[in-house]
Every structure is written in C-alpha cells, then in structure tokens.
Amino acid sequence: CSSDLVAHRDGVAREAVARSREAGNAMAVLDRAGLQIGEVAKLISEIASQTNLLALNATIEAARAGEAGKGFAVVAGEVKNLAAQTARATDEISGNITAIQAATKEAVAAIGEIDTTIGQLDESSTAIAAAVEQQTAATGEIARNIDAGSRGTAEVTQNVEDVARQISDAGAICTQLDHTFGAMADEIAALGRNVDGLLRELRAG
C-alpha cells in the first residue's frame with residue numbers, strides 16, 4: 001500500500017544520508033592525508049635545496065683543491081644532479097597533491113550538498129508518511145461514518161415501512177368501521193320505520 005511505499009522510501013533516504021556522511025568523512029580523511037603528504041613533500045624539497053647548496057659548496061672546494069679534488073668534484077656533481085631531480089619530483093608531487101586537495105574539497109562540498117538534499121528528502125518523506133497516516137485515519141473515520149449513516153438510513157427505511165403498515169392497517173380499520181356504521185344506520189332506520197308503523201297502528205286502534 002502507499003504507506004508501505006512511503007516507509008520504504010523513507011528507509012532508503014535514511015540509508016543514503018548515512019552513506020553520504022560516510023563518504024564525506026572519507027573525503028575529509030583524504031584531505032587531511034593530502035595536507036600531511038604536502039608537509040612531507042615540503043620537507044623533502046627543503047632537504048633537496050640544502051643538499052644542492054652543500055653539493056655546490058663541495059664543488060667549489062673541490063675546484064680549489066685542484067687535481068686532488070677532481071674525484072670529489074665528480075661526486076659533488078652527482079649529488080647536485082640528484083638534489084635537482086629530487087626537487088623537480090617534489091615539485092611534481094606538490095602539484096599533484098594540490099590538485100588532489102582541490103578535487104577533494106570539491107567532492108566534500110558536493111557530498112555536503114547531496115547530504116543536505118537527501119536530508120530534505122528525508123524530512124519530506126517523514127512529512128508524507130505523517131500525511132498518509134492522517135489520510136488513512138481520516139479515510140477510516142469517513143468509512144465508519146458512512147457505515148453508521150448506512151445503518152441509520154436502514155433504520156429510517158424500516159421506520160417508514162412500519163408507519164406505512166400502520167397507516168394501511170388504520171385505513172383497513174376505518175373501512176371496516178365505515179361498513180359497521182353503515183349497517184348500524186340501516187338497522188336504526190329499519191327500527192325507526194317499525195316504530196312509526198307501530199305508532200300508526202296504535203293511533204288507528
């Protein structure tokens with residue numbers, strides 16, 4: 001029935017709210033992890049910069065040492081190149097982390113909007129469920145009133161039929177009385193005629 005459908009939709013909405021919040025929490029964790037990785041990348045970049053500076057100083061000192069410092073100069077050059085590669089890689093990592101953080105923030109914002117929308121849907125579903133319950137109760141009350149009205153109509157119909165029968169019975173009684181009164185009138189008239197005849201005979205005698 002409609003109330004079951006509303007209850008099902010209400011349950012689905014609540015489940016969606018829960019899942020959306022879980023996703024939002026996961027995105028928040030990812031955002032914090034990105035910040036931590038960014039701090040680590042920044043530290044690596046600083047170390048690479050210091051290493052590059054030390055390699056530069058070592059190269060200068062090797063040049064001052066002349067022939068004896070050539071081997072050390074080669075090592076210093078390799079260290080300098082490694083520091084430069086590390087710096088470039090760190091810059092790329094930082095760029096990627098920045099992009100990930102931006103995307104994560106957008107995802108968190110979108111999930112927040114979805115969570116709000118689903119929350120509104122949950123409230124609407126609750127309101128609809130309450131309205132359906134009220135409508136069901138009102139429908140039941142209307143049905144009970146109609147049933148009571150039907151019983152009242154049946155009682156009125158029965159009363160009308162009883163009155164009709166009583167009127168019919170009264171009509172039959174009136175007809176019977178009319179016949180009885182007619183017969184009595186005839187008998188009284190005959191009696192009157194007999195009395196008149198008797199009086200005439202008495203006067204004649």
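Values in this text are rule-based calculations from the coordinates and carry no lab data. Because the structure is predicted, anything quoted here is derived from the model rather than measured. Here Cβ is always computed from backbone atoms with ideal geometry, including for glycine, and neighbour counts include all displayed protein chains.
Give me the orientation-averaged projected area of the Cα convex hull of the chain, in nm², one decimal.
Directional mean of the projected Cα hull area for the chain stands at 18.5 nm².
Hey, which lysines would be in cross-link range of residue 70, C-alpha to C-alpha under 16 Å, not counting anything within fewer than 8 residues on its own chain?
Once the sequence-local lysines are set aside, what remains near residue 70 is 80.
What percent does the relative contact order of segment 2-160 come to when contacts are Cα pairs within less than 8 Å and at least six residues apart?
38
Taking the Cα centre of the chain as origin, sum charge times position over the Cβ atoms of Lys and Arg (+1) and Asp and Glu (-1), and report the length of that vector in debye to the nearest 20.
Dipole magnitude for the chain comes out near 940 debye.
Straight-line reach from residue 105: which lysines have Cα under 23 Å away, leaving out those fewer than 8 places along the same chain?
Straight-distance partners of residue 105: 42.
Working from Cα positions, state the angle (0 to 90°, nearest 10) between the long axis of helix 70-204 and the longest principal axis of the chain.
Roughly 0 degrees, rounded to the nearest 10.
Could you work out how much longer the chain between residue 81 and residue 172 gets when fully extended? Use 0.36 nm per residue separation minus the Cα distance between them, nm to one decimal.
So the extension gain works out to 19.5 nm.
Sort 62-73, 40-51, 136-147 for me by packing, meaning the mean count of neighbouring Cβ atoms within 10 Å per residue, highest on top.
Highest mean packing first, the order is 40-51, 62-73, 136-147.
Counting only other residues whose beta carbon sits under 14 Å from that of residue 106, what net charge do I get with K and R as +1, D and E as -1?
Counting the neighbours of residue 106, the net charge comes to -1.
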